Amino acid sequence: MQIDLRRSPLLQLLNLWRALSYTDLRRTLSYSNISLASPLRHLLDLWRTLSYANRSSATPLLQQLNLWQRAENDPTVPDAPAKAQKFAQRYTEILESMKKNPEIHGGPPDAILLCRLREQVLRELGFRDIFKKVKDEENAKAISLFEDVVKLNDDIDDVGKRIENLIRGILAGNIFDLGSAQLAEVFAKDGMSFLASCQNLLPRPWVIDDMDTFKCRWSQKSWEKAVIFVDNSGADIILGILPFARELLRHGTKVVLAANDLPSINDVTYPELLEIINKLKDEKGQLVGVDASNLLVVNSGNDLPVIDLSSVSPDLAYVASDADLVVLEGMGRAIETNLYAQMKCDSIKVGMVKHPEVAQFLGGRLYDCVFKYSKVVSY
């Protein structure tokens, strides 16, 4: 089955625009802790998905995410190739139905709904963690580099330069994202070097760049508790987020790392992150000389590469209730679903722009960077 966008795609877009009512926008704006989505945002998400579908006959979005190939070769699923084909067919049917009625599956076709439907079909067919092997391999590589990366940061005496280097490390680590078609292809062909990625980031100013404001704020303030919503396995979490979390700990901040409950693409899960932290701590419970007793890993309750902050786990809601800094990392969580979320505390949205449609929407370049820091006057 093939989704045919050749017949007046502009007309389809106009019809979808009418279908996405401003009632949904007003309802979304009534919440202060979730993405301030818009009909244009929903439209962009669906248009990206449907445009992918036009590039491959029976595999909409699947080859673009490297999902079908991974599913076909999943050794934990009996008859994986046939079930991968069923996955492709079922998800194509879902996209076809959305062309006819954008809200047929319970809501406007935004990134959260599309990801949820995709994961639902995968799990129904028995695919639980199709990226498990590559995640384990990349975690092992990154763990071996962790101490060297941390020491490189520690050797930077200027605080502002050190903080900027840590943020650049988060962005470089965020390249390890097999949910991006282009990056999955590069990874499969050549692998990725974390240090080379740090050096090859697009030069500042980025499409959203509050780095200087954040560095100034860092020198003036120490946060009591930070909640960090983490993204990918491998270099992303180990060489990007954890050195930054360690710096926060050294700065006197309690740090909560919120990780997915269930696997989704190559995102790190709660059990995997616990294992990673245990491997990185020394016999004194330190992360390369920094006390990690104020570091907590929590199950976010999420099972997608994006997140609706109104639906986190009770445990996370409890421990985050007194947080004065929230960090959302990655294109899915920080950019596509929460870039305009309004927090009741300071917040950071950080990630790399890995889809050309998102880059165009933001007015930036492919592989541009987003570092959005928002501070509140009082808590």
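For the residues ARG118, ARG123, the requirement of being open to solvent by less than 50 Å² (accessible area, probe 1.4 Å), over 25 Å from VAL327 (Cβ atoms), modelled with pLDDT of 95 or more and among the basic types (Lys, Arg) singles out ARG123. Scanning the stretch 317-364 for residues that are in a loop (DSSP other than H, G, I, E, B) and within 13 Å of TRP206 (Cβ to Cβ) yields VAL353, GLY363, GLY364. On inspection, ASP322 qualifies as among the acidic types (Asp, Glu), surrounded by fewer than 16 Cβ atoms within 10 Å (Cβ to Cβ) and in contact (Cβ under 8 Å) with a residue 12 or more places away in the chain. For the stretch 198-217, the set of residues classified as under 16 Å from ARG365 (Cβ atoms) and under 21 Å from the mean Cα position of the chain (by Cα) consists of ASN200, LEU201, LEU202, TRP206, VAL207, ILE208, ASP209, listed by residue number.
Here's the yes/no breakdown for (1) open to solvent by less than 60 Å² (accessible area, probe 1.4 Å); (2) assigned to a helix (DSSP H, G or I); (3) under 26 Å from VAL358 (Cα atoms); (4) of a type in the set (Phe, Trp, Tyr):
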| residue | (1), (2), (3), (4) |
| --- | --- |
| GLY240 | yes, yes, yes, no |
| GLU283 | no, no, no, no |
| VAL297 | yes, no, no, no |
| GLY301 | yes, no, no, no |
| ASP315 | no, yes, no, no |
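Restricting attention to the stretch 135-153, the residues that are of a type in the set (Val, Ile, Thr) and open to solvent by 10 Å² or more (accessible area, probe 1.4 Å) total 2. Do any helices (runs of 4 or more DSSP H) lying entirely in the stretch 133-230 carry at least 2 residues that are at pLDDT 90 or above, out of contact with any strand residue (DSSP E or B) (no Cβ under 6 Å at 6 or more places or on another chain) and not β-branched (Val, Ile, Thr), and which ones are they? Correct list: 159-173, 211-220. Looking for something over 19 Å from ALA172 (Cα atoms), without any contact (Cβ under 8 Å) to a residue 12 or more places away in the chain and under 19 Å from the mean Cα position of the chain (by Cα) - is there at least one such residue anywhere in the stretch 271-291? Scanning the stretch 271-291, I find at least one residue that is over 19 Å from ALA172 (Cα atoms), without any contact (Cβ under 8 Å) to a residue 12 or more places away in the chain and under 19 Å from the mean Cα position of the chain (by Cα), so the answer is yes.
The values are calculated or read from the model by the stated rules, or taken from the named source; none is laboratory data. Treat the numbers as computed from the prediction; the structure is a model and nothing was measured. Glycine also receives a Cβ, built like all others from the backbone with ideal geometry; neighbour counts cover every protein chain displayed. The area values use the complete protein model at the heavy-atom level, side chains included, leaving out ligands, DNA and RNA. Shrake-Rupley method; radii C 1.70, N 1.55, O 1.52, S 1.80 Å.
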